[in-house]
1. Can you compute 3J(HN,Hα) from phi for each residue in the stretch 327-338, using the Karplus curve 6.51 cos²θ - 1.76 cosθ + 1.60 with θ = phi - 60°, rounded to whole Hz and x for Gly and Pro?
2. In degrees between 0 and 90, to the nearest 10, how far off the longest principal axis of the chain does helix 178-187 point, with axes built from Cα atoms?
3. Place a label point 7 angstrom from the Cα of H108 along the Cα-to-Cβ direction, then list the residues of the stretch 38-77 whose backbone nitrogen is under 13 Å away.
4. Suppose the Debye formula is applied to equal point scatterers at every Cα of the stretch 343-406; what is log10 I(q)/I(0) at q = 0.12, 0.21, 0.23, 0.27 Å⁻¹?
5. I'd like the orientation of helix 226-245 relative to the chain: the angle between its Cα long axis and the longest Cα principal axis, in ° from 0 to 90, rounded to 10.
6. Helix-only estimate, please: 222 nm mean residue ellipticity of the chain, summing -39500 (n - 2.57) across DSSP H runs of length 4 or more and dividing by its residues, to the nearest 500.
7. Report the dimensions of the stretch 498-554 along its three principal axes from the alpha-carbon atoms, largest first, rounded to Å.
8. If you count only protein heavy atoms and use a 1.4 Å probe, how large is the accessible surface of R228, to the nearest 10 Å²?
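The values are calculated or read from the model by the stated rules, or taken from the named source; none is laboratory data. Just so it is clear, the model here is predicted, and its values are computed rather than measured. Here Cβ is always computed from backbone atoms with ideal geometry, including for glycine, and neighbour counts include all displayed protein chains. Surface areas here come from the heavy atoms of the whole protein model, side chains and all, with no ligands, DNA or RNA. Shrake-Rupley method; radii C 1.70, N 1.55, O 1.52, S 1.80 Å.
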Amino acid sequence: MRSDAVKKGIERAPHRSLLYALGVSREEMEKPFIGVANSFTEVVPGHIHLKEIAKEVKAGVSSGGGVPFEFNTIAVCDGISMNHQGMKYSLPSRELIADSVEIMAQAHAFDALVFITNCDKIVPGMLMASARLNLPSIFISGGPMLAGSIAGDSEEKKVDLSSIFESVGKVLKGRMTETELERLVEVACPGCGSCAGMFTANTMNCITEAMGMGLPGNGTIPAVDSRRRRLAYKAGQKVMELLDKNIKPRDIINPASIENAFTVDMALGGSTNSVLHLMAIAHEAGIDFPLTRINEISRKTPCLCKLRPAGGYHIEDLDRAGGIPAVMKELKEHLNANLNTVSGNTVAQIIEESRVKDSSVIHSIANPYSVDGGIAILFGNLAPEGAVVKQSAVAPEMMKHSGPARVFDSEDEATRAIIGNNITKGDVLVIRYEGPKGGPGMREMLTPTSLLSGMGMDKEVALITDGRFSGATRGAAIGHVSPEAAGRGPIAAIREGDIINIDIKNNRLNVELSDEEIANRLACLEDFEPGIKSGYLKYYTEKVSSASTGAVFI
């Protein structure tokens, strides 16, 4: 066993003494050592209950003949860190999470790993670590939050965190009072779990299941449901089977399973952040997965679900309708079905046992919401290396749009302009110097997009940025524009009033400027000067790559 490096031989006598100090018995010294990477924290609602999940995982490991050792990683709540300096640290935390798991697993010579995860950057950070380490591994999420409810005109109305962000815009427009807003604030997030819509956390947990690294139910069973605890216990047992059979992450994470993940993502209308994260996971697994392949998948994959923010359903509804296996059953002709999963069953075996229980939540392949998938990658002279949009959340009238650029060199500038009613119908807001290097940290911009939605302008105004968006964003919001402004990408050349042409159906994003004019403007720019010159973000700025490659370290 790999763990023999810390427990066998006369030269490991000091190691054994320290292990005995932990309470390890002589009998347990002969068993595999299993690392349990828990992202529990008392500041993230999606993680507040993960101690209980860990108890079940460790019980499952013990029942399967292993010795569990729990350790923790950091976790950032994107909602709490939103629209202030803290959001600069959210995406960078992904690399720290991956690195910290690597350090703990290597330093203590674990034989296998169970990853307990839930929210936005923790899921991909841990998936990156699993691919990097390539030790037998399994994932168990903390599960989604239930939607809140508030009295409507005739019946209870389901609400969630994005409802609050959008309501801020309604207050600014006089369509809601601050008292009504506070009533909503108190009920929108009723308890533990990852925020209730198809936002980034739930997108990534569903993708983990679709990729084969989590058991069926991993993405959708609510956090407060007893099935979540039972699934955690089963995950602990299953990791012992994976160890026994020497099945490792790179046996499961491969080009075909990443294609499955993107296919399911397209059908769900998931967060645009999935592109950033799946590219990073592919990088750790040594897989070359070009952005152009994503458009190919989107063109053949219909959108079958309209979950918040694109529609009115929540993850609890998706779970009730059959969950990810039911979605995959509808998509079976578009999937690589003979792939292995951590469950011990192939994708084909999992979907054979599933069925759609509510066709209003999961549409059939014959009756999709749209024939194209939920995400599109745009290219053009404004985004030579690509940009990302959640097309399933774009109003039909905004799928093709031309308008004058309103240029802002930070999210804060743009937010002030929106709040000050300085945006006009038809405008294309350009928010730049918010990319991985420029931010630094590629801030998530739910505030400006939600303000526009709440003010009723999401069908009138487009927004493009080299930053990124929350999974809760809707409207013509185009992010990840690459190269970024800090890397002298064309977005840095745009000036107020330049006409920008958006054609989502044809995957195009252009500014009405010649290549020569763009080059001349860029040549006149001063060298980019990082806004933060100390601490972790200084290091991050020096190491991070383009969003088009997953914003990984190079």
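1. 4, 5, 5, 5, 8, 4, 6, 9, 10, 7, 8, 9
2. Rounded to the nearest ten degrees, it is 20.
3. Within reach of a label on H108: 38-39, 58, 67-73.
4. Rounded to two decimals, the profile gives -0.56, -1.01, -1.10, -1.23.
5. 60 degrees
6. -11000 deg cm²/dmol
7. Projected onto its principal axes, the Cα set of the stretch 498-554 covers 40, 31, 16 Å.
8. Probe radius 1.4 Å; accessible area of R228 about 0 Å².
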